[in-house]
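I have placed the structure first, in the form of structure tokens, so that the comments after it can refer back to it.
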Amino acid sequence: MFEVSVEETFAAAHQLREYKGKCENLHGHNYRVRISVAAEELDRTGLVVDFVELKRQMRAIIERLDHTFLNETPPFDVLNPSAENLAKHFYDEMSPAFKTGRARISSVKIWETDTSTATYRPSEDVTEPRA
Ligand SMILES: [Zn+2]
């Protein structure tokens, strides 16, 4: 199996709801996001996926989150803006583009700080059709 990854950073403020501790107060993070894509076989060019295309998709999502207050930015106006939910959000937004292809998103990792990360990995047997 092959796996490639791209990383980007963005800055945003958030405030965890229903959380007792420092993170319930308004504060910001310089988030780092890593999207990893895996494939059993390479395409004819010898690639898992084009880095340029992968970064383009990732930046489109970051564009909506960068320099915002996440709690006021959908879907985090409803969903708690935890690193875990951010990771799942990137997965949900990007995975439809990979549903029919040879490659799939294997994981999304979010760094809130240099030493704290959350990772979302889809279940192996998830092949639910998307409307
Ligand atoms: Zn925080």
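What follows draws every value from the coordinates through simple rules; no lab data is involved. Only a predicted model underlies this, so the values are computations on that prediction, with no experimental measurement involved. Here Cβ is always computed from backbone atoms with ideal geometry, including for glycine, and neighbour counts include all displayed protein chains.
Using the Cα gyration tensor of region 2-120, with a ≥ b ≥ c the square roots of its eigenvalues, what is the shape: rounded (a/c below 1.5), prolate (a/b larger than b/c) or oblate (neither)?
Cα axes put region 2-120 in the prolate bin.
Please give the calculated 222 nm ellipticity per residue for the chain, where each DSSP H segment of at least 4 residues contributes -39500 (n - 2.57) and the sum is spread over every residue; nearest 500 deg cm²/dmol?
So the calculated ellipticity at 222 nm is -6500 deg cm²/dmol.
Given R₀ = 35 Å, FRET efficiency for ALA60-CYS23 by Cβ-Cβ distance, to 0.05?
Once the sixth-power term is evaluated, E becomes 0.80.
When Lys and Arg each count +1 and Asp and Glu each count -1, what net charge do the other residues less than 11 Å away from SER82, Cβ to Cβ, add up to?
Cβ neighbours under 11 Å give a net charge of -1.
Total Lys pairs in region 2-120 closer than 29 Å by alpha-carbon, pairs eight or more apart in sequence or interchain only?
Close lysine pairs found across region 2-120: 10.
Sorting LYS20, LYS88, LYS55 on the 10 Å Cβ count, fewest up front, what's the list?
Result, fewest neighbours first: LYS20, LYS55, LYS88.
Please give the peptides 57-65, 40-48 ranked by average Cβ packing (other Cβ atoms within 10 Å per residue), highest first, as a rough proxy for protection.
57-65, 40-48
Output the 0 to 90 degree angle, nearest 10, between the alpha-carbon long axis of helix 83-94 and the longest principal axis computed from the alpha carbons of the chain.
Roughly 40 degrees, rounded to the nearest 10.
List the relative contact order of the chain as a percent without decimals, with contacts defined as Cα pairs under 8 Å and 6+ residues apart.
Relative contact order here is 28 percent.
ASP43 to GLU7: extension gain in nm, 0.36 nm per residue of separation minus the Cα-Cα distance?
Stretched out fully, the ASP43 to GLU7 stretch lengthens by 10.8 nm.
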